[in-house]
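In what follows, a single structure is set out as structure tokens and then discussed.
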Amino acid sequence: MSHEYVLKPFTPEIRLNIDYPRELNEQQLAAVTAPPGPALVIAGAGSGKTRTLTYRVAYLLEQGIPADRILLLTFTNKAAAEMMRRVSDLLGHELRSLWGGTFHSIGARILRLHADALGYQKDFTILDRDDAKDLIKACMADAKIDKKDKHFPKPDVLNEIFSLAANTHKTVEELVDGQFSYFSQFAAEIADQQKRYHARKRATNGMDFDDLLALWLKLLQEHADIREHYQRRFQFILVDEYQDTNKLQGDLIDLLAARHHNVTVVGDDAQSIYAWRGANFANILDFPKRYPGAKVFKIETNYRSTPEILNVANAAIAANVNQFAKELSPARKSGVKPALVQCHDAGQQAAFIAQRALELREECTSLNNICVLYRSHFHALELQLELTRRQIPFSITSGIRFFEQAHIKDATAYLKFVANPRDEVSFKRLVQLIPGIGAKGAEKIFQIFSGQMADGRWQMGKELSGGSLPQLPSPNSHLLASALQTCVKAVPKKAAVAWTQFVATIAQLEDDATRKSAAKMLRIVMDAGYDDYLKETYDNYERRLDEIQQLAEFAFQFGSVEEFLTQLALLTNVEAEEDPQDDTEKIKLSTIHQAKGLEFEVVFVIMLCDGLFPSARSTESNDGEEEERRLFYVSITRAKNELYLCYPNMRAGFGASGMDTYQSPSRFLSEIPKGLLNEWNLR
């Protein structure tokens, strides 16, 4: 079968009569009407990136380029649909022959046509994340890996390692040595699991999402006729959000464009914030090196923000060395200066935001147009509490609600169980964290435990059967631990050691000196081995560990464990009651990563303290600090009319003393000239 693509002479079959100079600004027009050849379009925040790409497609069509010779690549289905809709609106009809979509959808389309060249059937199954996890479980079973007796990574973590390896073109050994060093003793076994997983996918005629790109690249690399077919076919390639491409995607684009070099990539290096998930900043930074003679267009007119906000944004990103220098210029009239808000502590910061939000609403700004942005989930704990107290509605757009996350529910389950030993849900949740105990085993153990509670024998501190307790300094004060130890006969032998550790942990938690402090209890939970569980279970364990540590700091402000748990329950219930159909005005709370691409009339950026934003870990390298500065830039450029940069001087302490600690303002704030900000001191 020949894959030769025959070039046809170009004829301007489409006449759109678009007045490009009238509908585009000068910088947009230059990018849209660029002659053939490689082009890098640096489109600043709020500068009309989508408009530029859409008109570029229309312009190519008017120049006689057949639609089926144009490839338009985007990152999300939403972006792809929006882009295709705008093209259709310009044309006045749908353009079905244009190849436009996400990288993965285009990869799937091509692999459906040529799967047999790689030894697959064309009716291959595309595995979702759960399917992939099940297949990895099967591979682990085949290899007789007893994950219950070793700290071997669980299937979700293995899947993440395999995915990063595919998208970054690194070996498993390289990833384990760097990003997952705590699994270094298992490097050879993890590499073996990867081979087994790939073999099993092939045997079942299945591909996961990473294969849609990796096998697409393999197809082009190993089959010259297919490669030439698509190189000839896609004479013009346009790529959206190029700063977010990873090594695999960058290689795909370069290979497809190798014949004609007519590749236009659009993005903003100052908004490259996804290195942690494999994005390769070098793709956009080194584009002119990989494509000698490439034209670089800068679109710097911002239609979103006031001049005062843009002045702060330009100053915020200026310190980055690795960037394409640009200066956002305003299209809007002057507004108010952004405010730098210094607060005594996180509680005062929360109270300020709540009060200012109410004032803004009185000034006719809808709560829907107010957004609070933060670096990490736990930065908004005090704010959620304050908004709940004041009955100010809010929604969280950062994925799973903070208190609904598995690791937060695990940690707080210890506190709930100690506070209320009859809490069946918390008891079973904790017991099932122990390797070797499943749902049935947990039910059996709970029945024995609840029986002890019902007859009250354990409450009298009597000597109980089932073995001695481990290192219990005062048996009469560890009644829960004593009752748990009576259940040891129902515990599987392979879980016996872990059960002993669990009983010892409960004994520590119910000690009189600890039982009064939720913060101390949470710290004991982490020190008792839960951090090891996080490593084995989650690829982002460091973030999860940070969140539990910050939850402990948050807990210091409560007088008792019961008060802390009550407030958590209230917050969780408020979030759980949200109805997608509810049109109530709500303040938006979001991580900055989740807010990229969005805009709001008023933006508050909170917890701008060194060690929080930028995060402590990021400042260990220049690249890490520069990415954090780009994240700060993204947060600023979400604001249209008003911007508040907030930081507390004090933070609740973390440790036995619970003392407050002084907090240094974010280093990023010192890089903004004082004259650009109104300084508000609330201390």
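The values are calculated or read from the model by the stated rules, or taken from the named source; none is laboratory data. As the structure is a computational prediction, the values presented were derived from the model and not from experiment. Every residue, glycine among them, receives a Cβ derived from its backbone with ideal geometry; neighbour counts consider all protein chains shown. Each accessible area value is taken on the protein alone, full model and side chains, heavy atoms only, with ligands, DNA and RNA left out. Shrake-Rupley method; radii C 1.70, N 1.55, O 1.52, S 1.80 Å.
Just to be sure before I move on: is residue 73 more than 24 Å from residue 291 (Cβ to Cβ), in contact (Cβ under 8 Å) with a residue 60 or more places away in the chain and either under 34 Å from the mean Cα position of the chain (by Cα) or surrounded by fewer than 22 Cβ atoms within 10 Å (Cβ to Cβ) (or both) in the structure I sent? Criteria not met by residue 73. Among the criteria (1) under 29 Å from residue 332 (Cα atoms); (2) at pLDDT 95 or above, the one residue 270 does not fulfil is (2). Considering only residues that are part of a helix (DSSP H, G or I), open to solvent by 70 Å² or more (accessible area, probe 1.4 Å) and touching a residue at least 24 places away in the same chain (Cβ under 8 Å), which ones fall in region 136-189? If the condition is that a residue be part of a helix (DSSP H, G or I), open to solvent by 70 Å² or more (accessible area, probe 1.4 Å) and touching a residue at least 24 places away in the same chain (Cβ under 8 Å), then 142 is the only one that fits.
Note on region 377-426: residues that are open to solvent by less than 20 Å² (accessible area, probe 1.4 Å), among the aromatic types (Phe, Trp, Tyr) and part of a helix (DSSP H, G or I) total 3.
Does region 29-50 contain any residue that is under 31 Å from the mean Cα position of the chain (by Cα), at pLDDT below 95, assigned to a helix (DSSP H, G or I) and buried (at least 21 other Cβ atoms within 10 Å of the Cβ)? Checking region 29-50: at least one residue is under 31 Å from the mean Cα position of the chain (by Cα), at pLDDT below 95, assigned to a helix (DSSP H, G or I) and buried (at least 21 other Cβ atoms within 10 Å of the Cβ). Candidates in region 614-657 are the residues that are of a type in the set (A, V, I, L, M, F, W, C) and modelled with pLDDT of 95 or more; of these, the one that is nearest to residue 599 (Cα to Cα) is 639. The number of residues in region 227-255 being in a helix (DSSP H, G or I) and touching a helix residue (DSSP H, G or I) at 6+ places or on another chain (Cβ under 8 Å) comes to 14. Say whether the condition of being open to solvent by less than 50 Å² (accessible area, probe 1.4 Å), within 20 Å of residue 378 (Cα to Cα) and assigned to a strand (DSSP E or B) is met by at least one residue in region 619-637. Within region 619-637, none of the residues are open to solvent by less than 50 Å² (accessible area, probe 1.4 Å), within 20 Å of residue 378 (Cα to Cα) and assigned to a strand (DSSP E or B).
For region 76-102, the set of residues classified as of a type in the set (S, T, N, Q) and not in a strand (DSSP E or B) consists of 76, 77, 88, 97, listed by residue number. Is there a residue in region 510-519 that is over 23 Å from residue 435 (Cβ atoms) and crowded, with 22+ Cβ neighbours inside 10 Å? The answer is yes; a qualifying residue exists. Take residue 119 and decide whether it is on the phi > 0 side of the Ramachandran plot and either touching a residue at least 60 places away in the same chain (Cβ under 8 Å) or among the aliphatic types (A, V, I, L, M) (or both). Yes: the conditions hold for residue 119.
Listed by first and then second residue, the pairs linking a residue in region 360-380 that is in contact (Cβ under 8 Å) with a residue 12 or more places away in the chain to a residue that is open to solvent by 30 Å² or more (accessible area, probe 1.4 Å) and among the acidic types (Asp, Glu), with Cβ atoms under 6 Å apart and 6 or more places separating them unless they lie on different chains, are 365/601; 366/585; 367/585; 368/585; 369/601.
A single entry from 215, 238 fulfils the requirement of being out of contact with any Ser or Thr (no Cβ under 7 Å at 6 or more places or on another chain) and either open to solvent by 20 Å² or more (accessible area, probe 1.4 Å) or among the hydrophobic types (A, V, I, L, M, F, W, C) (or both): 215.
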